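J.: Have a look at this one before I ask anything.
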Amino acid sequence: MHTSRVVSLISLAPLIFMGAFNVNAQSVTANSDQVYQHKETLQLITLVNDASKLVRTKGEGAFNDFRVSGSRWRQGEAYIFVLDPKGNMLVHPDPALEGRNELDLKDINGKPIIRGLIDSAMTIPSKPGGWYHYQWPVPGGLLPRWKSTYVRLVTAPSRKSYIVGSGMYNDRMERTFVQDAVADAVAQIERNGESAFPLFHDPTGSFIAKDAYIFVIDRNGVDLVNPGFPNLEGRNILDVKDTQGKQLIREMLKVVQTSGSGWVDYMWPKPGDSVSTQKSTYVSKAKMGDQWVLVGCGVYLADAPKAVSVGKKMTAPELMTLVREGATVLEEQGEKAYPEFRKKGSKWFGDDTYIFVWTMDGTRVFHAADPAIEGQNVSNIKDVLGRPFGKMFLEAAGSPSGEGWVHYMYPEPGDIFPTWKSTFVKRVSFPSGKQYLIGSGIYNMRMDKAFIEDVVNHAATLVADQGKEAFSQLRDKTGPFVFMDTYVFVDATDGTELVNPAQPSMEGKNLIDMRDVKGKAVAHEYISAAMKDGSAWVDYFWYKPGSNTPARKQAYVRKVQSGQDTYILGSGVYMD
């Protein structure tokens with residue numbers, strides 16, 4: 001539990017272009033150019049097609065067939081639903097939905113579910129079928145999971161029109177989804193020109209969901225649309241390389257210039273991964289006025305190969321030790337330690353680690369990797385997501401413990417695309433008595449239990465001091481309590497969810513009887529453990545975002561007392 005993406009863009013690493021779009025796909029039998037790799041997708045399409053045929057021949061009499069539990073039409077997580085074009089839910093396993101108009105129903109991110117399903121089936125008359133992606137709970141469940149739904153427009157013998165559909169939870173990605181998303185974006189650009197660009201930025205629209213978005217680049221390599229990293233829009237990214245040196249933008253442009261469209265593979269790390277995974281991006285040429293632009297979207301396909309880790313990457317505990325040892329040296333030597341910290345290849349300055357020192361008002365006085373930026377006050381510096389990591393550094397170093405982790409997005413030296421960086425900072429007193437902070441960070445550091453304990457302990461201190469007044473800070477997606485796929489949740493001792501930045505729809509609901517995929521009553525177990533021991537790690541199995549395979553997850557929980565109120569705070573990490 002507590003696992004979905006925090007926000008549609010917060011956990012995007014550079015150039016992560018998975019898809020979750022209004023695809024307007026035709027059935028596999030009716031449109032031979034739609035190729036699906038996964039049997040689950042084909043089975044779903046067949047189910048919807050057969051249900052549509054039943055409505056076409058039997059009419060409204062088929063609705064009762066669809067309602068039979070255990071039948072082909074309603075088994076476990078899979079079920080047929082029926083809508084009319086006005087948004088009335090005519091068949092659905094949830095009695096709270098059936099018989100009502102749900103046109104304004106939205107998922108937890110504000111994505112319009114019913115309107116999207118109707119548009120998928122009806123927008124293009126020649127394509128009476130399509131895909132739509134949103135977050136929705138499994139039958140009988142509370143926690144929303146990503147769902148990909150296929151719908152078809154059907155005319156019954158009564159001449160009434162209906163939308164028949166069914167969906168898959170956490171489906172594997174299909175190349176066809178990405179191709180059709182790009183085709184839809186190309187059509188928008190060729191019809192509306194630059195006026196189409198805002199559609200690609202709309203987080204509640206059909207072009208952004210899961211970890212996916214459309215990007216647009218002009219023929220010279222200038223980034224025109226980049227919902228994941230809007231700070232790069234207007235910049236030339238022609239010479240961007242992947243982690244193995246491939247000039248991926250140049251290759252994308254070559255593909256559209258020579259073939260009009262095609263796939264480009266490259267290596268890029270997923271958020272929270274320390275090694276790169278093969279990424280496949282589909283690109284196509286779009287005419288815009290008297291010019292042309294490149295439109296693309298990408299995906300980490302199932303079983304995509306990973307790069308072999310080269311050398312041992314520093315772990316979170318090792319980086320903490322490095323910073324603490326550096327602090328000890330500074331306490332003894334002060335500024336005299338700087339020349340040693342600047343030596344490339346030393347313990348202080350490795351391939352992707354280096355020491356920096358700030359004053360406690362935010363002036364950068366030492367930076368081993370880039371001395372040219374020393375002397376700047378960067379207390380107000382923010383990352384591409386708006387996270388004020390300069391302020392976070394100072395707050396962590398100024399806390400009672402005098403140290404802590406800060407996670408933010410920052411380009412690697414010589415690069416322009418930000419990637420996740422995890423930095424440990426510590427307050428230190430020089431021989432002069434003046435206080436500074438020392439820090440060092442790692443790019444794409446593997447998620448570590450040390451991060452989880454740190455963020456929960458930080459949140460616990462805040463809640464103990466401020467009580468419910470602290471909850472808004474825990475929900476702040478630009479704050480220190482939300483990063484990568486991680487966030488802090490708060491429960492009452494009876495199991496009522498009080499804070500959940502990733503799934504705000506869960507707040508106010510009681511989770512005490514919620515079970516993981518193996519039947520463990522997770523909330524009951526972690527609340528009992530925290531109440532008994534004060535803090536604990538609890539194991540359970542849950543779906544990793546974007547995956548349909550349960551993964552082992554560990555959550556760290558703490559009992560926190562604030563006046564007369566007792567809370568359970570926690571956060572989790574997947575243990576691959």
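J.: Residue-wise, which Karplus ³J(HN,Hα) couplings in Hz belong to segment 420-437, taking 6.51 cos²θ - 1.76 cosθ + 1.60, θ = phi - 60°, and x for glycine or proline?
T.: 5, 10, 10, 10, 9, 10, 8, 6, 9, 9, 6, x, 6, x, 6, 9, 9, 10
J.: Continuing with the same structure: Among Ser432, Ser535, what is the fewest-to-most ranking by other Cβ atoms within 10 Å? It would help to have the intermediate numbers written out before the result.
T.: Numbers: Ser432 9, Ser535 18.
In increasing order of surrounding Cβ atoms, one gets Ser432, Ser535.
J.: Also, I was wondering about something else. What are the residues whose amide H is under 5 Å from the amide H of Leu385, where those residues sit 5 or more places off or on another chain and H is modelled from the backbone?
T.: Sorted by chain and number, the residues that satisfy this are Met409.
J.: What order do you get for Ser276, Ser422, Ser528, Ser158 when you list them from fewest to most C-beta neighbours inside 10 Å? Walk me through the intermediate numbers first.
T.: Values: Ser276 20, Ser422 23, Ser528 16, Ser158 9.
Arranged by neighbour count, lowest to highest, Ser276, Ser422, Ser528, Ser158 become Ser158, Ser528, Ser276, Ser422.
J.: To continue, here is another question. Under a cut-off of 20 Å between alpha-carbon atoms, report the aspartates and glutamates in cross-link reach of Lys434, not counting same-chain residues fewer than 8 places apart.
T.: Of all the aspartates and glutamates, those that pass the test against Lys434 - Cα under 20 Å, at least 8 places apart if same chain - are Glu325, Glu331, Glu332, Glu335, Asp361, Glu374, Glu395, Glu403.
J.: Rounded to a whole number of µm²/s, how large is the Stokes-Einstein D of segment 39-170 at 37 °C and 0.692 mPa s, given Rh as the Kirkwood radius over C-alpha pairs?
T.: Result for D is 225 µm²/s.
J.: Further question: Order the peptides 105-112, 560-567 from the highest to the lowest mean number of other Cβ atoms within 10 Å of their residues. Write out the running numbers ahead of the final one.
T.: Details: 105-112: 18.1, 560-567: 14.8.
Output ranking for 105-112, 560-567: 105-112, 560-567.
J.: Next question. Rg to Rh for segment 461-574: what is it, with Cα atoms only and Rh by Kirkwood?
T.: Details: Rg = 13.6 Å, Rh = 14.4 Å.
The Rg/Rh ratio comes out at 0.94.
J.: Among 386-396, 94-104, 247-257, how do they line up by average Cβ neighbours within 10 Å per residue, starting with the highest? Provide the component values of the computation, followed by the final result.
T.: Details: 386-396: 20.2, 94-104: 13.2, 247-257: 18.5.
Listed from highest to lowest mean packing, they are 386-396, 247-257, 94-104.
J.: Order these peptides, 490-496, 160-166, 512-518, by their mean beta-carbon neighbour count within 10 angstrom, highest first.
T.: Details: 490-496: 17.3, 160-166: 22.3, 512-518: 14.1.
The packing order, highest mean first, is 160-166, 490-496, 512-518.
J.: Please give every one of the lysines within straight-line cross-link reach of Lys127, meaning a C-alpha to C-alpha distance under 25 Å, and leave out same-chain neighbours fewer than 8 residues apart.
T.: The qualifying lysines are Lys39, Lys53, Lys58, Lys86, Lys106, Lys111, Lys147, Lys160, Lys210, Lys285, Lys287.
J.: From the phi angles alone, apply the Karplus equation (6.51, -1.76, 1.60; θ = phi - 60°) to segment 500-513 and give each ³J(HN,Hα) in whole Hz, x where the residue is Gly or Pro.
T.: With coefficients 6.51, -1.76 and 1.60, one gets 8, x, 6, 9, x, 5, 7, 5, x, 9, 8, 9, 4, 9 Hz.
J.: State the answer as a single residue: which of Val406, Leu474, Val522 lies farthest towards the positive end of the charge dipole of the chain, with beta carbon charges of +1 for Lys and Arg and -1 for Asp and Glu, about the Cα centre.
T.: Val522
J.: Evaluate the charge dipole of the chain about its Cα centre and quote only its size in Debye, nearest 20, assuming +1 on the Cβ of each Lys and Arg and -1 on the Cβ of each Asp and Glu.
T.: Values: 65 positive and 65 negative charges, 224 e Å.
Dipole size: approximately 1080 debye.
J.: Moving to a separate point now. Cut-off under 17 Å on the C-alpha distance; same-chain residues fewer than 8 positions from Lys532 excluded. Which lysines are left, in chain and number order?
T.: Filter leaves Lys559.
J.: Given +1 on the Cβ of Lys and Arg, -1 on the Cβ of Asp and Glu, and no further charges, what dipole in debye does segment 39-170 carry about its Cα centre, rounded to the nearest 20?
T.: On the way: 18 positive and 12 negative charges, 63 e Å.
Computed charge dipole of segment 39-170: roughly 300 debye.
J.: When a footprinting reagent is the concern and you count Cβ atoms within 10 Å, what order do Glu233, Glu194 take, fewest first? Please list the in-between numbers first.
T.: Values: Glu233 17, Glu194 13.
Ordered from fewest to most neighbouring Cβ atoms within 10 Å, Glu233, Glu194 come out as Glu194, Glu233.
J.: If the limit is 24 Å between Cα atoms, which of Lys391/Lys509; Lys313/Lys343; Lys313/Lys426; Lys449/Lys520 go over it? The partial results should precede the final answer.
T.: On the way: Lys391/Lys509 34 Å; Lys313/Lys343 19 Å; Lys313/Lys426 21 Å; Lys449/Lys520 22 Å.
Pairs exceeding 24 Å: Lys391/Lys509.
Here, each number is a calculation from the coordinates, and none is a lab measurement. For clarity, every value in this text was computed on a predicted model and none was experimentally measured. Cβ coordinates were reconstructed from backbone atoms using ideal geometry, including for glycine residues, and neighbour counts include every protein chain displayed.
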